[in-house]
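The values are calculated or read from the model by the stated rules, or taken from the named source; none is laboratory data. All values derive from a computational prediction rather than experimental measurement. With ideal geometry, Cβ positions are generated from the backbone for all residues, glycine too; neighbour counts draw on all protein chains shown.
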Amino acid sequence: MKILVAVKRVADYNVKVRAKSDNTGPDLANVKMAINPFCEIAVEEAVRLKEKGIATEIIVVSIGAQAAQEQVRTALALGADRGILITTDTDLESLAVAKCLKAVCDNESPDIVLLGKQAIDGDNNHTGQMLGALTGWAQATFASELTIDGDSATVIREVDAGLQTIQIKLPAIVTADLRLNEPRYASLPNIMKAKKKTIDSTTPADLGVDVAPRTTLLKAEPPAERKAGIKVEDVAQLVDKLKNEAKVIS
Amino acid sequence: MSVPLLNDRDVEFLLYEFLDTEKLLERPRYSEHSREIFDASLRTAKTIAEKYFANHLVEGDENEPTLENGIVKMIPETKVAWDAFANAGFLAAHQDYEEGGMQMPEVIFRMVMAYVNAANIGTAAYPFVATGSANLIRAFGSVEQKAKFLTLIMDGRSNGTMCLTEPGQGSALGDITTMAAPADDGTYRVFGQKMFISCADHDIAGNVIHMVLAKIKGAPPGVKGISLFIVPKFLVNDDGSPGERNDVVVAGLNHKMGYRNTTNAALNFGEKDGAIGYLVGEANKGLGYMFQMMNEARIGVALGAAAIAYQGFNHSLDYARQRPQGRLASCKDQLSPQVMLVEHADVRRLLLAQKAYSEGSLAMCLFGSSLFENQNSAPTQELRTRNTQLLDLLTPVIKSWPSKYGCISNDMAIQILGGAGYTREYPVEQLYRDQRLNPIHEGAEAIHGLDLLGRKLSLYGGAGYQFFKEDVAQDIAKAKDFEPIKNLAGKLENAMDVLEKTTQSLQQQMGVDIDRGLANATVYLDMFGRIVGAWIWLKQGIIAAEALSSSLHESDEHFYRGKLQAANYYIEWELPAIEQYAELLQAGNSVPFEMQDEWF
């Protein structure tokens, strides 16, 4: 069984990201980058399936700047077998990512595509669903448990009302939620081995995908700063202000 | 995690700007490595430190190891951390490929240790002592000993200890009384008691391999009669599994001020028929072997000091940025919002001093590690020798400066938090207690003073000291090209003159009366330490000044300005203290020396 896992290069979760001073987007210069935590969970799940003897090959793919090779390499050190890097300087929207992944699916014919449920930078939660639509394969999003049984999989999903168990036919798209597993760290011998694993480079154009953005970012600005409070003279003034200024009571 | 363990930007700066670690890749030993591998290894180290070491910092402090029916019990998180460190391959990281290691460069390995030290020094002591024991076996053990014991430590199936101190003997090892009697089968039976043994016993690995200094019956007196033995807690079966219990037991635990999750015990060897020990190398050369590993171990201790100071700095900085308190003297409006602590000048002074000590200590330790690296892997014999001699000179300083100023730094961290810092609600009080060990173990401060003044200055005909002066002069010349640090270079140049005069004077005084001449060696050590500290900061200042001469991203601009400010602070505020020391030392002021016991 072949598994395709996608990883996204994002600002490290510890970093406090700020808007650029000209409001054209987040300032990512000099910011520490890492694998999106949900993608890391997807990689871990794939590696566990391989350790259980269910998966035979794990292919990791990333799309973005050349620097995203670092995240592909990290996934290889965690246990993926080979990598694909789709390089582009365009800021990618979810649909473009899903189209690129669809092209990779056409080439590689994986049995399962494991993705993070969303990336911590855009917080869109689009790609898995879009890829499901583009491929016409089954999709199981927000997975907190994944069991493979022959040519189908049982997935427990985290939904608003609690947990939902579904059965899907393979090939399928599964997106990882936080509780699916706890990712391992890359051991030193595996980091050294990862250096020797192959990463194939390609571009969206080579894959026949148009990644031109469909939307335009008008402005990125930080949330308004909280203003200092004031002291009120008495309860009457408080009620008055709540009613007429804050308009939270009537 | 709100408060980082170290500062990733500084780690990058130290490894790739302050030191040229990437240049190591040109050496055949590191041809399989790459910067990507170094960085990935450090990411793993940081993850392990955050997840498995930092998680029980307080718990380990509040629940120190206990002795139950002769067995030491500790909180289970310790074993999880040990296993994580071992499974990641770090215990074997810097060993050779042929021995199952990864040939990781020394500076990268020390940075790995810096992360776990910053997270939890009490637990980090286990891998620290284990790698020290492993290095000792690797350097001096026989092929059979390496096959039997080294692999056990490298894959985490055994820990190690260093058994030097005895109840009666700490700093003066020549008088140890632990004895080893030759047995018919070529092994030895060890009898005696060892004291203050870190990681002496625990339930985190299957076995403990003690590296024990003892005297073989009939050996010459003093340090020339000391031999080194491997004494495992359990005899080791051929498959590496623990076999029969050896005759070594925990006599009692010591209850410490800090480092509480590190077992520290008195060990009894040979309560019955004698503990089976295996002689390492030749008889009577044990202390020499031990000392050859000392540079490394001493830098390791100092690195722990640097990491604890760094944590204190990070915590107090975080607090100072978030805690509103009072208004500036210039503000007359009592209804205006309070300012954050960091806006008060005195708080910034305390933070800047901590920055100078903690970042300076980490830089100094890594610089020492780079000398250690070069001593082993520099391309020419001449360079290797030069680095050995310089490292030998600087080791007492690299051990002592971070340990001493680490304590002062952690004290300042508490001061910034005020009453909150004195409570156990915040980690700064524990960091302070943990830190206090560092000027004591692996050679107390005074021992290093004696070592520097009495031994290292004149070792190799004074070559190490000569190289030191050359290297500092070179950096001073370089710094003079940069306007922002020109004046700092001048100050260090003057300090070097003062050092030279004081050194000559003390050497002359020692020639007349060795006891009197060495009486204030600790003060000389501090003076030397301040100069090395200033040099390390000048080196960082040069890089910062160079970087700031071109246009930078705002965050880099702040980073380098901070480096420059800390260099200014250290050289302008802390270096001048040597003037007073120099005056006392050069005059041979003997007030403390002439104080008499009866007068106290």
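Put simply, of B:572, B:598 the only residue that is of a type outside the set (Val, Ile, Thr), in a helix (DSSP H, G or I), farther than 24 Å from residue B:477 by Cα and more than 14 Å from chain A (Cβ to nearest Cβ) is B:598. Residues of the range A:52-69 that are within 14 Å of chain B (Cβ to nearest Cβ) and crowded, with 18+ Cβ neighbours inside 10 Å: A:68, A:69. Among the residues of the range B:8-16, is there at least one that is within 11 Å of another protein chain (Cβ to nearest Cβ), buried (at least 22 other Cβ atoms within 10 Å of the Cβ) and closer than 30 Å to residue B:544 by Cα? No, the range B:8-16 contains no residue that is within 11 Å of another protein chain (Cβ to nearest Cβ), buried (at least 22 other Cβ atoms within 10 Å of the Cβ) and closer than 30 Å to residue B:544 by Cα. Within the range B:471-478, identify whether any single residue is of a type in the set (A, V, I, L, M, F, W, C) and closer than 30 Å to residue B:116 by Cβ, and answer yes or no. No, the conditions are met nowhere in the range B:471-478. Only one of A:78, A:49 is closer than 18 Å to residue A:195 by Cα and either in contact (Cβ under 8 Å) with a residue 40 or more places away in the chain or more than 11 Å from chain B (Cβ to nearest Cβ) (or both). Can you tell me which? From the options A:78, A:49, the qualifying one is A:78. State whether one or more residues within the range B:372-395 are surrounded by 22 or more Cβ atoms within 10 Å (Cβ to Cβ) and more than 27 Å from residue B:521 (Cβ to Cβ). Yes. Just to be sure I understand, how many residues within the range B:331-356 are within 14 Å of chain A (Cβ to nearest Cβ) and touching a helix residue (DSSP H, G or I) at 6+ places or on another chain (Cβ under 7 Å)? Residues that pass the stated criteria total 1.
Among the residues of this structure, residue B:261 counts as one that is under 29 Å from residue B:123 (Cβ atoms) and in a loop (DSSP other than H, G, I, E, B). Of the set (1) in a helix (DSSP H, G or I); (2) of a type outside the set (A, V, I, L, M, F, W, C); (3) under 21 Å from the mean Cα position of the chain (by Cα); (4) within 10 Å of chain A (Cβ to nearest Cβ), all apply to residue B:47 but (3).
Here is a yes/no grid of residues against (1) within 14 Å of chain B (Cβ to nearest Cβ); (2) part of a loop (DSSP other than H, G, I, E, B); (3) not hydroxyl-bearing (Ser, Thr, Tyr):
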| site | (1), (2), (3) |
| --- | --- |
| A:197 | yes, yes, yes |
| A:204 | no, yes, yes |
| A:216 | no, yes, no |
| A:223 | no, yes, yes |
| A:232 | yes, yes, yes |
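The residue of the range B:557-569 that is farthest from residue B:313 (Cα to Cα), among those that are within 14 Å of chain A (Cβ to nearest Cβ) and surrounded by 18 or more Cβ atoms within 10 Å (Cβ to Cβ), is B:560. Looking only at residues of the range B:154-175 that are among the hydrophobic types (A, V, I, L, M, F, W, C) and within 30 Å of residue B:94 (Cβ to Cβ), we find that the one that is surrounded by the most Cβ atoms within 10 Å (Cβ to Cβ) is B:163. If you go through the range B:231-259, how many residues are hydrophobic (A, V, I, L, M, F, W, C) and crowded, with 24+ Cβ neighbours inside 10 Å? Summing the residues that are hydrophobic (A, V, I, L, M, F, W, C) and crowded, with 24+ Cβ neighbours inside 10 Å in the range B:231-259 gives 2.
Taking the condition more than 17 Å from residue A:186 (Cβ to Cβ), crowded, with 17+ Cβ neighbours inside 10 Å and more than 12 Å from chain A (Cβ to nearest Cβ), does residue B:58 pass? If you could, list the steps in order and put the result at the bottom.
Numbers: more than 17 Å from residue A:186 (Cβ to Cβ): yes; crowded, with 17+ Cβ neighbours inside 10 Å: no; more than 12 Å from chain A (Cβ to nearest Cβ): yes.
The answer is no for residue B:58.
Selection of the range B:491-542 for residues being touching a residue at least 12 places away in the same chain (Cβ under 8 Å) and among the polar types (S, T, N, Q) yields B:502, B:503, B:505, B:507, B:509, B:520, B:522, B:540.
Can you go through A:57, A:44 and tell me which one is over 30 Å from residue B:7 (Cα atoms), modelled with pLDDT of 95 or more and not hydrophobic (A, V, I, L, M, F, W, C)? Steps first, please.
Details: A:44 fails: over 30 Å from residue B:7 (Cα atoms).
Among A:57, A:44, only A:57 is over 30 Å from residue B:7 (Cα atoms), modelled with pLDDT of 95 or more and not hydrophobic (A, V, I, L, M, F, W, C).
Residue check: residue B:107 meets all listed conditions (1) aliphatic (A, V, I, L, M); (2) within 11 Å of chain A (Cβ to nearest Cβ); (3) in a helix (DSSP H, G or I) but one, namely (2). Among the conditions (1) under 23 Å from residue A:70 (Cβ atoms); (2) crowded, with 20+ Cβ neighbours inside 10 Å; (3) of a type in the set (S, T, N, Q), the only one that residue A:139 does not satisfy is (1). Filtered by the rule that a residue be within 14 Å of chain A (Cβ to nearest Cβ) and either loosely packed, with under 14 Cβ neighbours inside 10 Å or within 30 Å of residue B:567 (Cα to Cα) (or both), the range B:26-35 gives B:31, B:35. Screening the candidates B:52, B:97 for the property of being surrounded by fewer than 20 Cβ atoms within 10 Å (Cβ to Cβ), among the aromatic types (Phe, Trp, Tyr) and either out of contact with any His (no Cβ under 7 Å at 6 or more places or on another chain) or more than 12 Å from every other protein chain (Cβ to nearest Cβ) (or both) yields one hit, B:97. Annotation note: Cβ proximity below 6 Å between a residue of the range B:312-335 that is surrounded by fewer than 20 Cβ atoms within 10 Å (Cβ to Cβ) and a residue that is in a helix (DSSP H, G or I) (sequence gap 6+ or interchain) occurs for B:321/B:342; B:323/B:341; B:325/B:341. All conditions in (1) more than 14 Å from chain A (Cβ to nearest Cβ); (2) farther than 19 Å from residue B:300 by Cα; (3) touching a Gly at 6+ places or on another chain (Cβ under 9 Å); (4) part of a helix (DSSP H, G or I) hold for residue B:75, with the sole exception of (4).
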